[in-house]
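Please read the structure below before turning to the comments.
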Amino acid sequence: MKKEPMEAAERVIHRHYPDCLLAVLGGSASRGEHNEQSDLDIVILERDGDEMRRKTLEADGWIVELFILSLSSYREYFDEGVMAANPTLQRITAEGKVLRSLPEGEAVRAEAQHDLNYGPMPWMQTDIDEYRYMITEYVQDLKNPKRDGEKWFTVQKIMTVLCEFVLRVNGEWTGEGKMLFRLFHRFSTALGDQLEVSLSAMYRQDDPSLLLAFTEQMLNPFGGMLLVGYEE
């Protein structure tokens, strides 16, 4: 029988990592938003070790994804998340539910929260122009697809890069997959709803007009579409 997320996660730590400095359950299971397809995401901090290790196991009916850090290397991986504007490890560490924590672990949790509060590195005009150029190229591809498969892949690229663009120009963190949409919707409920309607029209009625208009709307405050004149 599948146990409750916290109980299952605590049993994993007790069995496999009883001496860790920190263990935190993140993701939907930590927020009570899990379903039958959810897994358990756990960040673990150990005293010894070098590179981060990832490990997947099954426990009490759950698939468990472990991210195992060490005192000597965690900062390197935190910094990678900051530079990519996608601080997944910090999110789990700072915002998840604590399973086990010693003083060294609490210091790392505080550091993770500090990273999140500080925010991503600000974009320069070159970053903005690079994304404007990428998005414009994808828009051109969407207007003249040769096959349906190309069209759906292009839509996926537009919505991913566009959401990243809007979040970054507004000093917000990004994410991957469904987390990216959640962050976009959290940034602006109105824009998130508008994007969802645009995608629905694209996927259900094969109508790109709303998505194209939404894309122009997002780019216009920053100079609009960009092809001719772009330089790296």
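Any read-out appearing in this document is the output of simple, stated calculations on the displayed coordinates, not a laboratory observation. Predicted model, so just to flag it, every value in this text is computed and none were measured. We place every Cβ from the backbone using ideal geometry, glycine too, and count neighbours over all the protein chains shown.
Okay, here's what the table says:
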item: Lysine pairs within the chain, Cα separation less than 23 Å, 8 or more sequence positions apart or different chains; result: 12
item: Net charge contributed by nearby residues that have their C-beta within less than 15 Å of GLU232 (K/R +1, D/E -1); result: -4
item: Set of the stretch 212-228 residues, backbone N closer than 19 Å to the point 7 Å along the Cα-Cβ line of GLU150; result: 212
item: Extension gain (nm, one decimal) between GLU176 and GLU232, 0.36 nm per residue minus Cα-Cα; result: 17.6 nm
item: The chain - share of DSSP beta bridges that are antiparallel (%, nearest 5); result: 70 percent
item: Per-residue [θ]222 nm for the chain (sum of -39500 (n - 2.57) over DSSP H runs n ≥ 4, rounded to 500); result: -18000 deg cm²/dmol
item: Label selected from [x] 20.4; [y] 18.3; [z] 19.7, the criterion being Kirkwood radius over Cα pairs in Å as computed here; result: [z]
item: Theoretical FRET efficiency, 1/(1+(r/R0)^6), r = Cβ-Cβ of ARG31 and LYS143, R0 45 Å, to 0.05; result: 0.70
item: Full-extension gain in nm, ALA201 to ASN117, via 0.36 nm per residue minus C-alpha separation; result: 26.6 nm
item: Radius 11 Å from Cβ of ARG47, net charge of other residues (Lys, Arg +1; Asp, Glu -1); result: -4
item: Under the Karplus curve 6.51 cos²θ - 1.76 cosθ + 1.60, θ = phi - 60°, whole-Hz ³J(HN,Hα) for the stretch 3-11, x wherever Gly or Pro sits; result: 8, 5, x, 5, 5, 4, 5, 4, 5
item: Environment charge at ARG109 (Cβ cut-off 13 Å; Lys +1, Arg +1, Asp -1, Glu -1); result: -2
item: Per-residue HN-Hα couplings for the stretch 136-150 [Karplus 6.51, -1.76, 1.60; θ = phi - 60°; Hz; x = Gly/Pro]; result: 4, 4, 5, 4, 4, 5, 5, 6, 9, x, 8, 9, 4, x, 4
item: Shape of the stretch 166-232, Cα gyration tensor, a/c cut at 1.5; result: oblate
